[in-house]
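Q: Dumping the structure here so I can ask a few things about it.
The values are calculated or read from the model by the stated rules, or taken from the named source; none is laboratory data. Note that this is a predicted model, so its numbers are computed, not measured. Glycine also receives a Cβ, built like all others from the backbone with ideal geometry; neighbour counts cover every protein chain displayed. In case anyone asks, the SASA skips ligands and DNA or RNA and just uses the protein heavy atoms, side chains included. Shrake-Rupley method; radii C 1.70, N 1.55, O 1.52, S 1.80 Å.
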Amino acid sequence: MNDGFVEKMRDADVVHDSRLLADFVQIFCDEHHGTSARSLVTTDGASLGVYGRKTPTLCAECEEHLAYAENRRAFCPKDPKPFCAHCDTHCYREEERIWQREMMRFSGPKSWRKGHAVDGIKHVLSARKWRREMERRSAEAGAD
Ligand code: SF4
Ligand SMILES: [Zn+2]
């Protein structure tokens, strides 16, 4: 783990987003890999105690995705940061981007029941704004 990551993980927004992401991945893993071997994650974020008592229990595959996303979030250049799904400069590797989109689509609607109503509302509003922006851009491209 590099010093930069440790420093970034002191930021309250980074911690919040990492915890939210971990909860989403937990929902996804519970429903898809509940019968697989799973254990408490030992990602860099978990090693720093970011998740506290809510450290996720995941299969190896989901833990890898979480570890990847933790690092992307920690070093995100956007401020304010949009939801990754609505980011115009998506920094994820293609296969990670596809995985995260699938995971968010699955876990997002269920996260309301897991105490993330405010984040769920923000996500819906952000999705609307993002769709409008995409429509505006495609209208502009069509007018060229
Ligand atoms: S996808 Fe965009 S918002 Fe998400 S971490 Fe990368 S740069 Fe930041
Ligand atoms: Zn899993």
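Q: Checking the condition within 10 Å of ligand 1 (Cβ to nearest atom), over 11 Å from the mean Cα position of the chain (by Cα) and in contact (Cβ under 8 Å) with a residue 60 or more places away in the chain, which residue from Lys81, Lys110 passes?
A: Result: Lys81 is the single residue among Lys81, Lys110 that is within 10 Å of ligand 1 (Cβ to nearest atom), over 11 Å from the mean Cα position of the chain (by Cα) and in contact (Cβ under 8 Å) with a residue 60 or more places away in the chain.
Q: Residues that are in contact (Cβ under 8 Å) with a residue 12 or more places away in the chain, within 16 Å of the chain's Cα centre (by Cα) and more than 10 Å from ligand 2 (Cβ to nearest atom): list the helices (runs of 4 or more DSSP H) wholly contained in region 3-48 that include at least 2 such residues.
A: 12-32, 44-47
Q: Suppose we filter region 1-42 for residues that are away from ligand 1 (no atom under 16 Å from the Cβ) and open to solvent by less than 80 Å² (accessible area, probe 1.4 Å); how many remain?
A: Residues flagged as away from ligand 1 (no atom under 16 Å from the Cβ) and open to solvent by less than 80 Å² (accessible area, probe 1.4 Å) within region 1-42 amount to 14.
Q: Let me ask something additional. Can you tell me which residues in region 84-103 are open to solvent by 60 Å² or more (accessible area, probe 1.4 Å) and more than 9 Å from ligand 1 (Cβ to nearest atom)?
A: Arg93, Glu94, Glu95, Ile98, Arg101, Glu102
Q: So which residues in region 45-63 are open to solvent by 50 Å² or more (accessible area, probe 1.4 Å) and closer than 20 Å to Val14 by Cα, if there are any at all?
A: Ser47, Leu48, Arg53, Lys54
Q: Scan region 49-81 for residues that are away from ligand 2 (no atom under 13 Å from the Cβ) and more than 21 Å from Glu95 (Cβ to Cβ) and jot them down.
A: Answer for region 49-81, where residues must be away from ligand 2 (no atom under 13 Å from the Cβ) and more than 21 Å from Glu95 (Cβ to Cβ): Gly49, Val50, Tyr51, Gly52, Arg53, Lys54, Thr55, Pro77, Lys78, Asp79, Pro80, Lys81.
Q: Here's a follow-up. Got a number for residues in region 66-78 being surrounded by 20 or more Cβ atoms within 10 Å (Cβ to Cβ) and more than 10 Å from ligand 1 (Cβ to nearest atom)?
A: 2
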